[in-house]
Amino acid sequence: MSPTRRLVLSRSAALVGAASSGLLLPQLARAQGAKVRVGFMLPYTGTFAQLGVAIENGVRMAIAEQGGKLGGREIEWFKVDDESEPAKGIENANKLVQRDKVDVLIGTVHSGVQMGIQKVARDSGVLTLIPNAGVHAATRALCAPNVFRASFTNSQPTLALGQAMVAKGHKRAVWITWKYAAGDEAYEGFKDSYTKAGGTIVKELGLPFPNVEFQALLTEIASLKPDAVACFFAGGGAAKFIRDYAAAGLKDKIPLYGSGFLTEGVLDAAGPAADGIITTMHYSDSLDTPRNKQFRLDYVKMFRSQPDVYAVQGYDTGLLLAQGAKAVNGDLTGNKPALYKALESATIDSPRGKWTMSKAHNPVQDIYLRRVENKENKVIGIAAKALSDSGAGCKMG
Ligand code: PHB
């Protein structure tokens, strides 16, 4: 037997021994170019169901553009419907992490559910990409080296809203929202920007998520007679709020403003009741750039529906993941420092405009001022340039 052949034989015998003892299995699998295990934890039922679908579409489109692979490897997909149910957040995240052994978890939409994911992400170290949920803690006090957000923090859009409202002469406003982290943190941004600009918030109104019984609160708004109303709602609930606001006779009397989610993915359902609503958001359908136009054409071709901010965030999550995977040849667990460095230094060439990652792993991005006209969010200005979340309390390590 030649010396080389003997070496090969004894090496493989050693490998078999190690593999049967369970020691080398993961390394062997990866060395052989195993599939990358990608898990979606998103709402596929309830008021945010449409948001989950748009996000998944966006991710799949970005990856299809990379030839359907990550860092040269095939992908195996896993899915969990989180139902936007915070009480099941940890359990659902563990279905992907413990049971399915995903290499990357993509999730989710709802800030309360995100807190469950954050705990599992911090405990397990699994790469976690947030395609929507804006809960501050994920990129502030509870930030983590393995968690990256491709969307926004809840106060980012509304930090650009108050000034725009005062500039229109609206000095007294009512705020209304679902009472949970996303609404409460959107309020923080609104309060800060509106009061700094000289506005007064006459009343803060709320109802529990995902309640849509708005009638009593709309009656209260009518009697308070503010100059304007600002709000945070999203998904199915947003469409109903817009319709109910108009049906209550408020649309032409008290202008409605919002964190831009109010008018995302709901313009068909809301109809003419949405016309004239002004919002602030990190994306707009009407952005007149070749990048956005191409994205919209390709998305419609692939999914036969119009993309919204959620589709863009999903798409950007896919672009981010592709950049990270490329740096480590698809092995998302072998060389974490190289993976994190690639994700931290990424510039995402997004349909929303180019954005970069803050130190706390949240997008630094422009915020647009938009007005609904004929079922479209038309850009009417830039409300903030390269806006970064404070990242307060974030210590990586
Ligand atoms: C959130 O819960 O963080 C959330 C949900 C829907 C949105 C935006 C934020 O459109």
query: Got at least one residue in the range 291-313 being over 21 Å from residue 235 (Cβ atoms), surrounded by fewer than 24 Cβ atoms within 10 Å (Cβ to Cβ) and touching an Asp or Glu at 6+ places or on another chain (Cβ under 7 Å)?
result: yes
- request: Among the numbered conditions (1) away from the ligand (no atom under 14 Å from the Cβ); (2) out of contact with any strand residue (DSSP E or B) (no Cβ under 7 Å at 6 or more places or on another chain), tell me where residue 221 comes up short.
  value: (2)
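Mind listing just one residue for me: the one in the range 53-69 that is small (Gly, Ala, Ser) and in contact (Cβ under 8 Å) with a residue 60 or more places away in the chain and, of those, farthest from the ligand (Cβ to nearest atom)? Talk me through it step by step, then tell me what you get.
Looking only at the range 53-69, we keep the residues that are small (Gly, Ala, Ser), and these are 54, 58, 62, 64, 67-68.
Still in the list and also in contact (Cβ under 8 Å) with a residue 60 or more places away in the chain: 54, 58, 62, 64.
Values: 54: 11, 58: 14, 62: 20, 64: 25 Å.
Across the range 53-69, the extreme among qualifying residues is 64.
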query: Assuming residue 355 fulfils every condition listed in (1) assigned to a loop (DSSP other than H, G, I, E, B); (2) open to solvent by less than 10 Å² (accessible area, probe 1.4 Å) apart from one, which condition is it?
result: (1)
message: Just the residues that are within 15 Å of the chain's Cα centre (by Cα) and either more than 15 Å from the ligand (Cβ to nearest atom) or open to solvent by less than 10 Å² (accessible area, probe 1.4 Å) (or both), please, taken from the range 137-149.
response: 138, 139, 147, 148, 149
message: Filter the range 94-136 down to the residues that are polar (S, T, N, Q), farther than 15 Å from residue 181 by Cβ and under 13 Å from the mean Cα position of the chain (by Cα) and list them by number.
response: 128
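Residues that are within 29 Å of residue 365 (Cα to Cα) and charged (D, E, K, R): list the helices (runs of 4 or more DSSP H) wholly contained in the range 207-320 that include at least 2 such residues. Working first, answer last.
Values: elements: 215-224, 235-247, 267-270, 290-303.
Correct list: 290-303.
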query: Inside the range 150-182, can you point out the residues that are within 12 Å of the ligand (Cβ to nearest atom), within 15 Å of the chain's Cα centre (by Cα) and not hydroxyl-bearing (Ser, Thr, Tyr)?
result: 152, 154, 156, 157, 181, 182
task: Residue by residue through the range 160-175, note down the ones that are part of a loop (DSSP other than H, G, I, E, B) and buried (at least 24 other Cβ atoms within 10 Å of the Cβ).
output: 160
message: Being of a type in the set (D, E, K, R), surrounded by fewer than 24 Cβ atoms within 10 Å (Cβ to Cβ) and within 16 Å of the ligand (Cβ to nearest atom) is the filter here; which residues of the range 234-287 pass it?
response: 240, 285
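Which of the residues belonging to the range 183-211 are within 16 Å of the ligand (Cβ to nearest atom) and open to solvent by 40 Å² or more (accessible area, probe 1.4 Å)? Talk me through it step by step, then tell me what you get.
First, pick out the residues of the range 183-211 that are within 16 Å of the ligand (Cβ to nearest atom): 183-190, 206-211.
Selection gives 184, 188, 208, 209, 210, 211.
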Test result for residue 119, among the basic types (Lys, Arg) and outside any strand (DSSP E or B): yes
task: Tell me which residues, restricted to the range 70-113, are in a loop (DSSP other than H, G, I, E, B), out of contact with any strand residue (DSSP E or B) (no Cβ under 7 Å at 6 or more places or on another chain) and within 16 Å of the ligand (Cβ to nearest atom).
output: 83, 84, 85, 110
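Just one of 64, 93 is open to solvent by 30 Å² or more (accessible area, probe 1.4 Å), modelled with pLDDT of 95 or more and among the hydrophobic types (A, V, I, L, M, F, W, C); which is it? Explain how you work it out, then say what you get.
Working: 93 fails: open to solvent by 30 Å² or more (accessible area, probe 1.4 Å).
Step by step, each of 64, 93 is checked, and only 64 is open to solvent by 30 Å² or more (accessible area, probe 1.4 Å), modelled with pLDDT of 95 or more and among the hydrophobic types (A, V, I, L, M, F, W, C).
The values are calculated or read from the model by the stated rules, or taken from the named source; none is laboratory data. Keep in mind that what you see is a predicted model, and the values were worked out from it rather than measured. Reconstructed Cβ throughout: ideal geometry from the backbone, glycine too, with neighbour counts over all protein chains shown. To get the accessible areas, we keep the full protein, side chains included, count just its heavy atoms, and leave off ligands, DNA and RNA. Shrake-Rupley method; radii C 1.70, N 1.55, O 1.52, S 1.80 Å.
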